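Reading through the structure tokens given below for one structure.
The values are calculated or read from the model by the stated rules, or taken from the named source; none is laboratory data. In this text, all values refer to a predicted model and were calculated from it rather than measured experimentally. Don't worry about glycine lacking a Cβ; one is built from the backbone with ideal geometry, like all the others, and counts go over all protein chains shown. The protein model used for the area step is the full one, side chains on, heavy atoms only, and it has no ligands, DNA or RNA in it. Shrake-Rupley method; radii C 1.70, N 1.55, O 1.52, S 1.80 Å.
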Amino acid sequence: MTRAIGRNRASSTAQNGVIMSTAQFAPPHLTDSGVIKDTSIGFFVVAGIQGGIGVFIAPSLIIDAVLIAVPALILVGWKARAAEVLLLILASIIAITTFLNKAGVISEGSSNISCAYRALGMGTCD
């Protein structure tokens, strides 16, 4: 039995011919499924806020809410890379639209920079 002594915590050790990574013993919120779950919840919150605003103020936001909620549902259910990429692209479009609206280039979309920054920050799953 060999042990990795003095190396970083993510090193691997060989025990009885089986290589074990210390990442297997990471806290649940630091594993891939924890990150995926947290990211999906974040996008569900964004979709819920947009859907709520869409019901009462701007019905066009309901489409945005559905476009965000469906890939988030796919991401949490199947852990699909395509859903991650789609959510990143959607969050990027939201952020770009917000910045262009704030700059006065376009007149559609929100001008709340902090919300766009949060949505884009959730788009980075890995």
Solvent-accessible ranking of Leu75, Leu61, largest area first, probe 1.4 Å: Leu61, Leu75
Segment Ile93-Val45, extension gain: residue separation times 0.36 nm, minus the distance between their alpha carbons: 15.5 nm
Whole-Hz couplings from phi, Karplus 6.51/-1.76/1.60, listed for segment 37-54; x for Gly and Pro: 5, 5, 5, 4, 4, x, 5, 5, 5, 4, 5, x, 5, 5, x, x, 5, x
With all protein chains modelled, accessible area of Ser107 [1.4 Å, Å²]: 110
FRET efficiency, 1/(1 + (r/R0)^6) with R0 22 Å, evaluated for Ile53 and Ala80 via beta carbons: 0.20
List Asp38, Asp64, ordered by accessible area with a 1.4 Å probe, largest first: Asp38, Asp64
Label-point separation in nm, Ala103 to Asp38, each point 7 Å along Cα→Cβ: 3.2
